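Every read-out reported here was derived from the displayed coordinates using simple, explicitly stated rules and does not represent laboratory data. Since the model is a prediction, treat every value here as computed from it, not as a measurement. We place every Cβ from the backbone using ideal geometry, glycine too, and count neighbours over all the protein chains shown.
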Amino acid sequence: GHGTTGHRYRPVAVAFTAHASDPEAPRGWAHEQGTVLVVDDEVELLDVAVTYLEEMGFTTLQATDGPSALAVAAGLPKLDLVLTDIVMPGGLHGVALARQIRQQHPDVTIIYASGFPSSALNERSQLHIDGPLLTKPYRKEQFAEVVCQTLAYRYRPPA
């Protein structure tokens, strides 16, 4: 009940313009395929992530909390990637959400997102983050690099 809340809005009007023939273009931009579920309770950041992913060529689905993300994932025959915030309302944080989604989609790749650095998350919540962490707010180049590299390596947590 005390303190200040601030919001920063960043433009998303710049489109990905990289092409396969451009030697400076990161590999994978505008050539990716697959279905991505984006989960974030901050609607502005959810919209930014969805925009970036769609510009990269992905089909996107979205949810604003863990329970609704589980409902979306349950209806999918295949899910390639989940990009989830870690700290969310609804009684289900991102790490627990990832565990539950993996029960239905064992081959899914998970990328976590947070405004907190991983060391602060570990100290604050004692959560073990078993995948790449994308720092918010998103920078387009960093976002695309993390997504492309993670899918290229198909990160899998230890069993």
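Net charge of the neighbourhood of residue 61, taken over other residues with C-beta under 13 Å away and scored Lys/Arg +1, Asp/Glu -1, is -2. Note that segment 99-105 has calculated 3J(HN,Hα) couplings of 4, 5, 5, 5, 5, 8, 10 Hz, one per residue in order, obtained from phi through the Karplus relation 6.51 cos²θ - 1.76 cosθ + 1.60 (θ = phi - 60°); glycine and proline are x.
Counting 0.36 nm for each residue step from residue 145 to residue 71 and taking away their Cα separation leaves a gain of 23.8 nm.
Put simply, the amide H of residue 134, placed in the peptide plane, has neighbours under 5 Å in 112, 113, 114, leaving out anything fewer than 5 places away on its chain.
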